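Nothing in this text is a laboratory measurement; each read-out follows from the coordinates by a stated rule. Owing to the predicted nature of the structure, the values given are computational and were not obtained by experimental measurement. Please note: Cβ atoms are built from the backbone with ideal geometry, for glycine as well, and neighbour counts cover all protein chains shown.
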Amino acid sequence: MKIKTTNKYKADVDAVFGHFTDPEFVKARAEAIGARNVHVKVEKNGDAVVITVQREIRSDAPGALKKFVPEWSPSKQVETWKVKPGGPYLGKAAVEVEGVPVSVRSRMKLAAGKEGGSVMLIETETKSSVPLVGGRLADFAAGTAEETLKREYEFNKTQIDG
């Protein structure tokens, strides 16, 4: 399943990117939306930045999916960004949830807005290779990803734009 989101900020693209690559900001955002045991590492390598977020996420999977998705699951998210001051910043992300047979991949673009501020475009795709329930599992993961992106944006907007 594919999800597309567009997030707008009043702040300029470099200020927004600064927040997105601040380990304390990333940790606070993860905790604000319900993650626990959050650990963030930001590594700069030339014109790239890699952000690794390890955390436990809560799930409320429906009946048939509960055997695939425990209530709390360790997860690892790795974002890789191409740094270009003034933008656009181009990124990709992968999320792996321990013991859950679903892949979540995103492509991101953070650019200056046409009327000022900045715009973040995110395209996310969820897949599962499990026979029979794989489609339902991917749909559940997509719904969870969509809700997470919405809550992250609300946190970002409040913290960045006030």
Quiz item: What nm value, rounded to one decimal, do you get for the distance between Lys92 and Arg151 when each label is placed 7 Å out toward the C-beta?
Solution: 2.8
Quiz item: For Lys157, which lysines qualify as cross-link partners when the Cα separation must be under 19 Å and same-chain residues fewer than eight apart are set aside?
Solution: Lys4, Lys8, Lys10, Lys27, Lys109, Lys114
Self-check item: Full-extension gain in nm, Met1 to His19, via 0.36 nm per residue minus C-alpha separation
Solution: 3.6 nm
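Using the 2.2 N^0.38 Å rule of thumb for compact globular proteins, work out how region 2-161 stacks up: its C-alpha Rg over that value, please.
Relative to the rule-of-thumb radius for its length, region 2-161 sits at 1.05.
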